[in-house]
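S.K.: First the structure, which I've put down as structure tokens, then a few questions once you've had a look.
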Amino acid sequence: MITRVLRQIKPRNKKLANSNSGSCSEEVVNRPGSSRVMIIEISFLLTSVPLDIETTMICFKTQIHTFILILMSKESSTTFQIPAAAYTALFSALPGVSYLLENNPPYFTILAVTNGLLPLVGLTRDQLIGKNLFEVFPSNPHDLNDTGQSNLLVSLLHVIAQKEAHQLPAQRYDIMDENGRFAERFWKAENRPVIASNGDVEYIIHTSEEITAKIKAEKREVEVDGIERAFGLFMEAPMVVGLVNGEDYVLELANKEAFKLWGKGPEIIGKPVLEAVPELAGQGVIELFDQVRNSGEPFFAHEVPVASFGDGKEELHYFNLVYQPYYNSGSLKATGVFTISHDITEQVKARQRTLESEERFRSMADASPVMIWTLDENGNFTYYNSRAAQFTGHTEKELTEGKSWQVAIHPDDIDFASNVVRNAVVNRIQYQMECRMQRADGEWRWLLSHGTPRIGKAGEYFGFVGSSIDITEHKKSQQELQNALDQIRLSKEAAELGTFDLDLEKGTMHWDDRCRTLFGISHHDTVRYEKDFVDGLHPDDRDRITKIIENLFQKSISDGDYDVEYRTVGVEDGIIRWVRAKGKVYFNQNDQPVRFIGSVLDITEKVMAIQKMEAVVEERTKELAQTNKILQQINNELQRSNQSLEEFAHAASHDLKEPVRKIQIFTQRLKDEVTNHLTETNARLFNRIENATNRMGNLIDDLLLYSHVTQRPLEKESIDLNVNIQKVLEDLELNIEEKNATIKVEQLPIIFGYRRQLQQLFQNLISNALKYSKRDIQPYITIGYKNTVENEKAYHIIVVKDNGIGFEPEYSDKIFQMFIRLHGKEEYSGTGVGLSIAKKVVQNHDGFIKVESQPGVGSTFKIYIPA
């Protein structure tokens, strides 16, 4: 009985990674001689542990991301700019799945994406770039437990607030296809900030890895092993579980918690529920049972008061209830009710205690010099303290019952403030915002507001509590300070450029202090061309640069334009520096050079970074090659594993069928030995044993076949369906002759698919058409073909039509479920697996199957396979 019951219930300086084998870090800083220079450092600890590939790949990708963002930064030097198309293309070519997001919550505009993202989400680059992140990837409205969007938003806000990377745990985030349908997807993701020179987060790099297959595999591994274990879980569950069945609602199942609640023991099993627990009379329980059993729809209720009699005395408890319809074997109408009741008495009482403390909270809030307020579960203001009422000039009643608070907010801030509050309420997360609000005297004042969800000890959500303070004077001081810092920064950036001026007519050369520093000169004496400039050039660059300068003074060759990179060797300090020099030679009316003016910029950091990056790229390329080799080995192992699984399935099938075969043999022997002594009842029992073992054998065969079709073969092949159908008809020749059936096959296409699976598909459909034919009418089956386009995709449609008994259209989806039969086994034999196999085969070919049917008219199966 238990088996039947269970079966029929329906960053700046942010370290990226650390390991025993290595570490990686990045830093973006300002350095003398450049407006923005990237330093990327990689240090691998010299240990005996091999280098961790995942760690080094994270380092590599992060360095590439950082370099791209340096190139696209608004603060890049005017002497080193790369067009937007260039850094966008470079970001697109990065390995993996990444977005570049603008720091503009709550929109998080997508600025760039890697190529690896596009096939995963089924969107084009044009459909992503410039769009808001949550507009392109909305939450799944059909999943009430969907937390993907809210968790991602929390992570992004954490990165902005803490200015540090944040890695999300394995997260479900469903993706919507072009038809508006959501597909279940799981991801491992990380959000990393890109810090501007002023210390603010300017961009966010979101990197994802799809782990859907891994998560689903893990879920399958933790499924309950067998009905007995499921029964044990029900019986030991920390909630009230019961099953009533039949017109009198006989109690067929109850767990320990149910006995404890009712103050009863196992002796009540098998009795009508009101006889077993008479105290339930008058509590509306029977009426709910009638509703669920008659409608076939489950019933859900929250915080339902129920009288308990556990210790011989009546106590009031509160429950969350689920009443699920229960079906007897072969019944299409609910015969009973399966109940699960969760005792939430403590949570309800805790909330009641919280409400009792509300008055104490109001007293303390009114005494605070800070504006304090509360929101209910839906985001409506329920309380303002006296300080808030004093600031706005409105009473608490006006503020909580009307829209005075919205009217008081500055028109430019109202949308922003409303969106922040709405997002926090929907996702139950903390928020902080700054907006302008009109004081009672009419002056606009800046307020800093904080809001925090009110969560009880048991996890109940009661709304929000928050505070607001006037920060107008602080904002003014902050702006004045920012203006001063901007002036200092601009002055500092201008000072990083060294300048030189060579007057060829006067024979003088002037270098400023910065230029002298770049050549390792500390003295302030007259600078000489040969001694200070030429001798200060790196020996490997000296001939090249002096030749360029010689040509520079010839207008016909260079037109006086000077833009070179070279190394200097400090005359006094011996330091090697990379510099970029840019200048112009001016000529007189006779095309004779008269003056050479220009600037020098220190690019040592940039050159070193590029060289390091090139070295890392080369090293990573070698590592990738090794990784690919390892992946190939893993693929080979996977193929061997699949072959072993198939061999195991065959062995398991043999082991299951052998006991059934022995039952059949020994039953027949026993029947033969006692044939002369059999009563009519004995004979009927023997027939039932034989029928049951035959069905069990057929079921084992069908389940083994279903397990085969759930795994796709490695490769598809070209298949002529005309030949395929002919083989099926040959296999069914005896059945066709026995039924005297006529089968008409039209010209069918050649498709790309799995030969054995397609043959099984048509064999199941044609066998069903023969089996469910009318007893007094010759079966007539047609197999036709046409092509069509659905949802902008071309399909082959193979139509299998019969004139059999048919069925009600309402069962068109249900018949494809495992073990579902619309007729009793006495009328038509079978296991209820055949159409499940047919549907799985079609799905393996990326298609779908439909059926149209009318009782007494017949059925038409339409198979859609991509063209």
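S.K.: Only one of (1) farther than 17 Å from W373 by Cβ; (2) part of a helix (DSSP H, G or I); (3) at pLDDT below 90 is not met by K457, so which one is it?
M.R.: (2)
S.K.: Being surrounded by 12 or more Cβ atoms within 10 Å (Cβ to Cβ) and at pLDDT 90 or above is the filter here, so list the residues in the range 440-454 that pass it.
M.R.: W444, R445, W446, L447, L448, S449, H450, G451, T452, P453
S.K.: Among the residues of the range 713-726, how many are surrounded by 12 or more Cβ atoms within 10 Å (Cβ to Cβ) and modelled with pLDDT under 90?
M.R.: Residues that pass the stated criteria total 2.
S.K.: I'm trying to understand the selection: among the residues of the range 549-567, which are assigned to a helix (DSSP H, G or I), in contact with a helix residue (DSSP H, G or I) (Cβ under 8 Å, 6 or more places away or on another chain) and hydrophobic (A, V, I, L, M, F, W, C)? Spell out how you get there, then give the answer.
M.R.: So the first thing to find is which residues in the range 549-567 are assigned to a helix (DSSP H, G or I), and the list is 549-552, 555-558.
Those left that are additionally in contact with a helix residue (DSSP H, G or I) (Cβ under 8 Å, 6 or more places away or on another chain): 551-552, 557-558.
Across the range 549-567, the qualifying residues are L552, I557.
S.K.: I've got another one for you. Please pick out the residue among L332, L316, L321, L288 that is at pLDDT below 85 and either open to solvent by less than 70 Å² (accessible area, probe 1.4 Å) or touching a strand residue (DSSP E or B) at 6+ places or on another chain (Cβ under 9 Å) (or both).
M.R.: Values: L332 fails: either open to solvent by less than 70 Å² (accessible area, probe 1.4 Å) or touching a strand residue (DSSP E or B) at 6+ places or on another chain (Cβ under 9 Å) (or both); L321 fails: at pLDDT below 85; L288 fails: at pLDDT below 85.
Of the residues listed, the single one that is at pLDDT below 85 and either open to solvent by less than 70 Å² (accessible area, probe 1.4 Å) or touching a strand residue (DSSP E or B) at 6+ places or on another chain (Cβ under 9 Å) (or both) is L316.
S.K.: Looking at (1) surrounded by 13 or more Cβ atoms within 10 Å (Cβ to Cβ); (2) modelled with pLDDT of 85 or more; (3) among the polar types (S, T, N, Q), find the lone condition where Q283 falls short.
M.R.: For Q283, the failing item is (2).
S.K.: While we're here: Taking S467 as the residue in question, decide whether it is of a type in the set (S, T, Y), out of contact with any His (no Cβ under 9 Å at 6 or more places or on another chain) and either on the phi < 0 side of the Ramachandran plot or at pLDDT 85 or above (or both). Quick ask: steps written out before the conclusion?
M.R.: Values: of a type in the set (S, T, Y): yes; out of contact with any His (no Cβ under 9 Å at 6 or more places or on another chain): no; either on the phi < 0 side of the Ramachandran plot or at pLDDT 85 or above (or both): yes.
It is false that S467 is of a type in the set (S, T, Y), out of contact with any His (no Cβ under 9 Å at 6 or more places or on another chain) and either on the phi < 0 side of the Ramachandran plot or at pLDDT 85 or above (or both).
S.K.: Continuing with this model, one more query. Within the range 218-239, can you find the residues that are more than 33 Å from the chain's Cα centre (by Cα) and either of a type in the set (G, A, S) or modelled with pLDDT of 90 or more (or both)?
M.R.: Selection gives G232 alone.
S.K.: Name the pairs whose Cβ atoms lie under 6 Å apart, with the first residue in the range 770-789 and more than 16 Å from A867 (Cβ to Cβ), the second part of a loop (DSSP other than H, G, I, E, B) and of a type in the set (S, T, N, Q), and 6 or more positions between them or separate chains?
M.R.: Close Cβ pairs (under 6 Å, with a partner that is part of a loop (DSSP other than H, G, I, E, B) and of a type in the set (S, T, N, Q)) amount to Q778/N740; P779/S773; Y780/N803.
S.K.: Being among the hydroxyl-bearing types (S, T, Y) and modelled with pLDDT under 85: is that true of S308 here?
M.R.: Yes, satisfied.
S.K.: Looking at (1) in contact with a Phe, Trp or Tyr (Cβ under 6 Å, 6 or more places away or on another chain); (2) open to solvent by 60 Å² or more (accessible area, probe 1.4 Å); (3) among the hydrophobic types (A, V, I, L, M, F, W, C), which is the one condition that is false for V273?
M.R.: Just one mismatch for V273, condition (2).
S.K.: In the set F289, F300, F319, F391, which member is in a helix (DSSP H, G or I), farther than 30 Å from G442 by Cβ and hydrophobic (A, V, I, L, M, F, W, C)?
M.R.: Working: F300 fails: in a helix (DSSP H, G or I); F319 fails: in a helix (DSSP H, G or I); F391 fails: farther than 30 Å from G442 by Cβ.
Result: F289 is the single residue among F289, F300, F319, F391 that is in a helix (DSSP H, G or I), farther than 30 Å from G442 by Cβ and hydrophobic (A, V, I, L, M, F, W, C).
S.K.: Name the one entry in T147, T212 that is surrounded by fewer than 19 Cβ atoms within 10 Å (Cβ to Cβ) and within 26 Å of T452 (Cβ to Cβ). Lay out the reasoning, then the answer.
M.R.: On the way: T212 fails: within 26 Å of T452 (Cβ to Cβ).
After applying the criteria, what remains is T147.
S.K.: Moving on. Any idea how many residues of the range 155-176 are over 17 Å from E202 (Cβ atoms) and crowded, with 17+ Cβ neighbours inside 10 Å? Step through it out loud before you land on a result.
M.R.: First pass over the range 155-176, keeping only residues over 17 Å from E202 (Cβ atoms): 155, 167-176.
From what's left, crowded, with 17+ Cβ neighbours inside 10 Å: 155, 168, 171-176.
So the count comes out to 8.
S.K.: Quick one: would you say E396 is surrounded by 15 or more Cβ atoms within 10 Å (Cβ to Cβ) and modelled with pLDDT under 90?
M.R.: So E396 fits the description; yes.
S.K.: Something else about it: Considering only the range 414-452, state which residues are part of a strand (DSSP E or B) and touching a Leu at 6+ places or on another chain (Cβ under 9 Å). Give the steps one after another, and end with the answer.
M.R.: Applying the first criterion (part of a strand (DSSP E or B)) to the range 414-452 yields 431-438, 444-452.
The answer is Y431, Q432, M433, E434, C435, R436, M437, G451.
S.K.: Kindly establish whether N198 is open to solvent by 30 Å² or more (accessible area, probe 1.4 Å) and either closer than 30 Å to Q479 by Cα or modelled with pLDDT of 90 or more (or both). Outline the logic, then answer.
M.R.: Details: open to solvent by 30 Å² or more (accessible area, probe 1.4 Å): yes; either closer than 30 Å to Q479 by Cα or modelled with pLDDT of 90 or more (or both): yes.
In short, yes.
S.K.: Another question, if that's okay. Filter the range 578-591 for residues that are open to solvent by 30 Å² or more (accessible area, probe 1.4 Å), in contact with a helix residue (DSSP H, G or I) (Cβ under 6 Å, 6 or more places away or on another chain) and not in a loop (DSSP other than H, G, I, E, B) and give the result.
M.R.: Narrowing the range 578-591 to residues open to solvent by 30 Å² or more (accessible area, probe 1.4 Å): 578, 580, 582, 584, 586-591.
If we keep only those that are in contact with a helix residue (DSSP H, G or I) (Cβ under 6 Å, 6 or more places away or on another chain) as well, we get 578, 587, 591.
If the condition is that a residue be open to solvent by 30 Å² or more (accessible area, probe 1.4 Å), in contact with a helix residue (DSSP H, G or I) (Cβ under 6 Å, 6 or more places away or on another chain) and not in a loop (DSSP other than H, G, I, E, B), then W578, F587 are the ones that fit.
S.K.: Out of curiosity, is A615 within 30 Å of D540 (Cα to Cα) and either open to solvent by 80 Å² or more (accessible area, probe 1.4 Å) or outside any helix (DSSP H, G or I) (or both)? Spell out how you get there, then give the answer.
M.R.: On the way: within 30 Å of D540 (Cα to Cα): yes; either open to solvent by 80 Å² or more (accessible area, probe 1.4 Å) or outside any helix (DSSP H, G or I) (or both): no.
Taking the combined requirement at face value, the residue does not satisfy it.
S.K.: Right, here's the next one. Within the range 516-548, how many residues turn out to be in a loop (DSSP other than H, G, I, E, B) and either of a type outside the set (F, W, Y) or open to solvent by 50 Å² or more (accessible area, probe 1.4 Å) (or both)? Full working, then the answer.
M.R.: Of the range 516-548, the ones in a loop (DSSP other than H, G, I, E, B) are 519-528, 535-536, 538.
Imposing the further condition that a residue be either of a type outside the set (F, W, Y) or open to solvent by 50 Å² or more (accessible area, probe 1.4 Å) (or both) reduces the set to 520-528, 535-536, 538.
Within the range 516-548, residues that are in a loop (DSSP other than H, G, I, E, B) and either of a type outside the set (F, W, Y) or open to solvent by 50 Å² or more (accessible area, probe 1.4 Å) (or both) number 12.
The values are calculated or read from the model by the stated rules, or taken from the named source; none is laboratory data. It should be emphasised that the depicted structure is a prediction, and the values quoted were computed from it without experimental measurement. All Cβ positions, glycine included, derive from the backbone under ideal geometry; neighbour counts span all protein chains shown. Ligands, DNA and RNA are excluded from the accessible area calculation, which covers all protein heavy atoms including side chains. Shrake-Rupley method; radii C 1.70, N 1.55, O 1.52, S 1.80 Å.
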